[in-house]
Amino acid sequence: MTRPIRVDIDLAAIRHNYLIAKRKAPASRAWAVVKADAYGHGVRRVAQALADVADGFALLNIEDAVALRQDGVSAPILLLEGPFDAAEVAAMAEYRLSGALHSREQLAWLAKAPAPLEVWPKVNSGMNRLGFAPGALAGVLADLAALPAVRVAGVMTHFATADEARGVAEQWARFEPLVRGLGLPVSSANTAALWDFPDTHRDWVRPGIGLYGCSPFADRLGAGLGLRAAMRLSADVIAVQSLAPGDAVGYGRLFVAERPMRIGIVACGYADGYPRVAGNGTPVAVDGAPSGLVGRVSMDMLAVDLSHLPDAGVGSTVELWGPAVPIETVAAAAGTIGYELMCAVAPRVPRVYHGLGQA
Ligand SMILES: *Cc1c(COP(=O)(O)O)cnc(C)c1O
C-alpha cells in the first residue's frame, strides 16, 4: 500500500468553470490561464479538458506552450511575459505562439524575428511590474509597424487591485484612453475584473484562479460565484491517540487538551504542500464531517480532532481542501491565498484525474 495521500483533479469542474467565466463576458474571448502547471492542476491535462471549448491558453514558459502544441492544441497560445531571450522569438514563430511585449529588450529581439509573429504590447497602467509607460505606447507601436514580420494582435494591461475595494478605476483611467480609437483588440481582465468590472472585458479576458473553482475575493467563496472546486487534497488517518486533560499534541505542544479527546494522525504535512502555519481549528472534513486541526503541522503528518466522530478512525479519509472544505478558508487560516496552496502541492502527492471519462 502506498502512502494514503492524493490530490484529485476534477476536469469536468474546470470545464464548468471556464464556461461560467465565458458567460460573465459573452462578447469576449477568454484565454484560459494555465501558468504554473495550471495552478498545480497539470497544464497538459487541463488543456486537453478545455481543448474544444477554450478560445485560447495563456501561460509563461515556452516549454509548456510547445508541449501543448505537440499535444495537438491548435488554439491561440499567449506567453504572458513574452520571450525571455532572442532564441525564444524564433520558437514563438515556429509554434505560432503570441507573446506579451513589455520591454525595449524584447523589442530589440523582434528586429530579427521570423514571420509570422504576434505580439501584445503591455502597458504598465500602475502595477509597476511589467510593461511600457502609457506615454511610450505610441512609440512602441510605431517601432513595431516598421517590422514586417511582426503583427500587433492587441494591447494588454494587468490590474493590481481588481479583487479589492480599490478596484480598477485608476488603472483603467490610464489605460482606456490610450487604446480608445486604436482599432486594436484589448485585454485586461483577470478573474476578479471579469466578475466585478464588465467595462474592462473588451476583446479578450484572462481568467486564471476562477477556472480552478477558487475565488479571488477575500469576502466571497468560489461556490458563491457559481464555481466548482477542481482540486481536492485528501489523506487518511493512519493512527489514533486518546488524550487526557493536560496532554499536548505535536511539536512545540501547541495544543493542550482541556478534556478527554480522540485525535487522528493524518498522512499529510508541510512537505506535501499543506501550510505549516495553519493553526488549531483550521477546517478539515473527516469522512465528510466537519472538524479541525489540533497542534502544529509537521513535515509528514498533521492531527485532527475526532472527539465528536466516534465512527472515524484509522482509514478515515480527511479532506484538507476541496468541495467540502473551501481552499479559500484554509488559505485565510494560513495567512495566504488559494493560489499559493494550489501551486504548492508537492510532486510527491499523486494526482488522480476525474471527469470527461478520464478517471
Ligand atoms: C495570472 C494572470 C492572470 C490570471 O489572474 P487570476 O487572478 O488568476 O484570474 C491574468 N493575466 C495575467 C497577466 C496574469 O499573470
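The values are calculated or read from the model by the stated rules, or taken from the named source; none is laboratory data. On a predicted model such as this, the values are computed, not experimentally measured, just so you know. In this analysis, Cβ positions are derived from the backbone assuming ideal geometry, glycine residues included, and neighbour counts consider all displayed protein chains. Note: areas computed on protein heavy atoms with side chains; ligands, DNA, RNA excluded. Shrake-Rupley method; radii C 1.70, N 1.55, O 1.52, S 1.80 Å.
Details
- Cβ-placed point charges (K, R +1; D, E -1), dipole of the range 11-213 about Cα centre in debye, nearest 20: 340 debye
- Cα-based shape type of the range 11-213, given that a ≥ b ≥ c are square roots of the gyration tensor eigenvalues and the cut on a/c is 1.5: oblate
- The sum of -39500 (n - 2.57) across all DSSP H runs of n ≥ 4, divided by the residue count of the chain, sets its helix-only mean residue ellipticity at 222 nm to -7000 deg cm²/dmol.
- Convex hull volume per residue in cubic angstrom - Cα atoms of the range 277-325: 78 Å³
- Over 24 Å [Cα-Cα, the range 231-354], rounded percent: 20 percent
- Calculated FRET efficiency for the pair residue 2/residue 354, C-beta based, R₀ 25 Å, to 0.05: 0.85
- Between residue 141 and residue 94, the contour length at 0.36 nm per residue exceeds the alpha carbon distance by 14.6 nm.
- The chain - accessible surface per residue (Å², probe 1.4 Å): 43 Å²
- Between the range 36-91 and the range 105-182, the alpha-carbon center distance in angstrom: 20 Å
- Only Lys, Arg, Asp and Glu carry charge here, each on its Cβ (+1 for the first two, -1 for the last two); on that basis the range 157-270 has a dipole of about 200 debye about its Cα centre.
- Rg(Cα) / (2.2 N^0.38 Å) computed for the chain, rounded to two decimals: 1.13
- Legend: residues 217, 197, 84, sorted from most to least accessible area (1.4 Å probe; ligands, DNA and RNA excluded), read 84, 197, 217.
- Spin-label zone in the range 228-242 - amide nitrogen under 11 Å from a point set 7 Å from the Cα of residue 324 along the C-beta vector: 234-235
- Net length available on complete extension from residue 27 to residue 271 is 83.5 nm, with 0.36 nm assigned per residue and the Cα-Cα distance removed.
- When all protein chains stay in place and ligands, DNA and RNA are ignored, the 1.4 Å accessible-area order of 127, 342, largest first, is 127, 342.
- Of the trypsin sites (Lys or Arg not before Pro) found in the range 110-208, those that fall in a DSSP loop while having at most 15 other beta-carbon atoms within 10 Å are 112, 129, 166, 180.
- Other-chain or far-sequence residues with amide H under 5 Å of residue 302's (modelled H): 266, 268
- One decimal place: the segment residue 67-residue 111 gains 13.2 nm when fully extended, by the rule 0.36 nm per residue minus the C-alpha distance.
- The range 149-272: C-alpha gyration tensor shape, a/c 1.5 cut-off, then a/b vs b/c: prolate
- HN-Hα J in Hz across the range 230-239 - Karplus 6.51, -1.76, 1.60, θ = phi - 60°, x for Gly and Pro: 9, 10, 10, 9, 9, 8, 9, 6, 10, 7
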